[in-house]
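Student: One structure follows; several queries about it will come next.
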Amino acid sequence: MDTPHKGLDITTAKSSRLDQVDFDNLVFGKYYADHMMICDYKDGAWQTPQIMPYGPMEMEPSAKVFHYGQAVFEGMKAFKDADDKVWLFRPEDNFNRINISSKRMAIPEFPKEYFFDALNTLLKLDSEWIKKGDGNSLYIRPFAIGTEYGVSASPSNEYKFIIICCPAKAYYSTPVKVLISDHYSRSADGGVGYAKAAGNYGASFYPTNLAKEKGYQQVIWTDANTHEYLEEAGTMNVFFRIGDKLITAPTSDRILDGVTRKSIIDLAKHEGIDVEVRRIKVGEIVEAAKNNTLKEIFGTGTAATIAQISGFEQDGTFYDLPEVENPYNVKLKKMLQDIQYNRAQDPFDWRYAVETK
Ligand SMILES: *Cc1c(COP(=O)(O)O)cnc(C)c1O
């Protein structure tokens with residue numbers, strides 16, 4: 001990150017595509033905001049970031065990313081409050097994490113000023129794409145890919161760091177049923193599970209499809225060695241409530257350090273909930289389900305915030321969770337969203353004000 005700050009080159013869109021978007025029937029990922037940022041890495045340095053109209057780009061078919069998967073990404077959201085002010089949630093954590101992911105994938109780290117200048121500029125240009133109201137947000141997808149041509153198996157010498165944005169609305173999903181994996185793994189010791197590497201997702205689609213064929217929406221990943229320890233739920237971190245205690249696995253080589261996960265841990269503690277960050281055995285939740293002390297399971301991630309899990313299958317048996325009064329997942333989700341939408345005090349200093357005027 002020694003690259004001197006050179007500012008941004010900005011080319012604005014001639015007209016907005018905002019009127020093409022059906023916000024009442026919004027399909028996530030279908031529409032992209034008018035502008036994107038592309039920054040090239042070549043000759044050993046990140047070049048001046050370019051803000052330009054969103055659109056297709058040309059690449060060599062031999063570009064490394066297509067062959068060796070040198071690609072990392074992030075997911076974050078911008079929120080608009082009742083006074084039209086725009087806020088990001090803990091964006092430094094996403095910035096730090098993409099560089100942690102990049103390092104693991106031999107991609108050069110991206111400079112902080114470029115990242116924040118680009119974000120602020122994009123959100124200012126496309127602030128109309130951020131809708132007010134509960135659940136509405138602009139999803140921000142930063143990613144980095146190896147673009148050098150040539151199929152030799154070595155790290156790329158050229159990269160693109162890109163930021164695109166798409167409107168998102170509340171993810172009102174019904175609670176999901178999950179299958180606890182006793183064969184497939186998402187990650188392993190010494191691997192790339194802690195990185196938001198594109199290939200982690202690619203590798204999870206097939207086992208997830210098999211779970212879907214059995215009637216489950218997601219897979220609960222277990223440790224690759226023994227399949228005895230619970231690690232993540234699909235592409236989310238996972239929490240278990242046994243009695244009044246909230247339990248989640250510690251982060252590691254294999255478990256992604258989710259921003260939502262650590263925020264929920266802090267909020268739960270703030271609420272006086274007993275939180276244990278420790279390894280948790282499949283056998284422990286099966287036992288707790290059998291003796292009715294397993295009250296809740298939920299996943300955490302930027303996209304859904306909190307996704308409730310209503311039951312799980314383990315070793316051919318399905319365990320249905322009971323309805324509980326005043327569930328933690330509902331309370332914690334509201335607390336988190338109240339901070340994100342600037343409706344509540346921000347005791348942890350998580351909000352980041354975007355200059356859109
Ligand atoms: C992105 C991601 C999460 C959630 O991280 P957040 O920072 O909360 O969005 C959890 N697990 C995996 C595997 C992920 O890729």
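For every residue, the table says whether it meets (1) in contact with a Phe, Trp or Tyr (Cβ under 7 Å, 6 or more places away or on another chain); (2) on the phi > 0 side of the Ramachandran plot.
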{"site": "Tyr206", "(1), (2)": "no, no"}
{"site": "Gly215", "(1), (2)": "no, yes"}
{"site": "Asp253", "(1), (2)": "yes, no"}
{"site": "Glu271", "(1), (2)": "no, no"}
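Student: Only one residue in Ser137, Ser101, Ser181 is small (Gly, Ala, Ser), within 16 Å of the ligand (Cβ to nearest atom) and outside the structural domain of Asp9 (by TED's automatic domain parsing). Which one?
Tutor: Ser181 is the lone residue from the list that is small (Gly, Ala, Ser), within 16 Å of the ligand (Cβ to nearest atom) and outside the structural domain of Asp9 (by TED's automatic domain parsing).
Student: State all residues of segment 73-98 that are small (Gly, Ala, Ser) and within 13 Å of the ligand (Cβ to nearest atom); if no residue qualifies, say none. Even if it seems obvious, please write down each step before you answer.
Tutor: In the first step, residues of segment 73-98 are kept if they are small (Gly, Ala, Ser); the result is 75, 78, 82.
Result: Gly75, single match.
Student: Can you tell me which residue among Thr305, Thr356, Thr251 is touching a Ser or Thr at 6+ places or on another chain (Cβ under 6 Å) and not charged (D, E, K, R)?
Tutor: The conditions single out Thr356.
Student: Please verify whether segment 289-297 includes one or more residues that are within 15 Å of the ligand (Cβ to nearest atom), surrounded by 15 or more Cβ atoms within 10 Å (Cβ to Cβ) and farther than 13 Å from Leu230 by Cα.
Tutor: Taking every residue of segment 289-297 in turn, none turns out to be within 15 Å of the ligand (Cβ to nearest atom), surrounded by 15 or more Cβ atoms within 10 Å (Cβ to Cβ) and farther than 13 Å from Leu230 by Cα.
Student: Here is a follow-up. Would you mind stating whether Ala45 is among the small types (Gly, Ala, Ser) and either within 19 Å of Thr356 (Cα to Cα) or within 22 Å of the chain's Cα centre (by Cα) (or both)?
Tutor: no
Student: Now, a different point. Tell me, which helices (runs of 4 or more DSSP H) wholly within segment 251-344 include 2 or more residues that are polar (S, T, N, Q)?
Tutor: The helices (runs of 4 or more DSSP H) meeting that bar are 259-270, 328-340.
Student: Please specify each residue of segment 72-106 satisfying the condition of being closer than 21 Å to Asn200 by Cβ and over 14 Å from the mean Cα position of the chain (by Cα).
Tutor: Hits for segment 72-106 are Asn99, Ile100, Ser102, Lys103, Arg104, Met105, Ala106.
Student: To continue, here is another question. Which condition does Ala203 not pass, out of (1) free of Cβ contacts under 8 Å to residues at least 40 places away in the same chain; (2) among the aliphatic types (A, V, I, L, M); (3) closer than 26 Å to Glu296 by Cβ, if it passes all the others?
Tutor: Going through (1) free of Cβ contacts under 8 Å to residues at least 40 places away in the same chain; (2) among the aliphatic types (A, V, I, L, M); (3) closer than 26 Å to Glu296 by Cβ one by one, Ala203 breaks only (3).
Student: Could you list, in sequence order, the residues of segment 184-232 that are in a loop (DSSP other than H, G, I, E, B) and either within 13 Å of the ligand (Cβ to nearest atom) or in the same structural domain as Phe73 (by TED's automatic domain parsing) (or both)?
Tutor: Residues of segment 184-232 in a loop (DSSP other than H, G, I, E, B): 184-196, 214-217, 223-228.
Scanning segment 184-232 gives Ser185, Arg186, Ser187, Gly191, Val192, Gly193, Tyr194, Ala195, Lys196.
The values are calculated or read from the model by the stated rules, or taken from the named source; none is laboratory data. Predicted model, so just to flag it, every value in this text is computed and none were measured. Every residue, glycine as well, gets a Cβ built from its backbone with ideal geometry; the counts of neighbours run over all protein chains shown.
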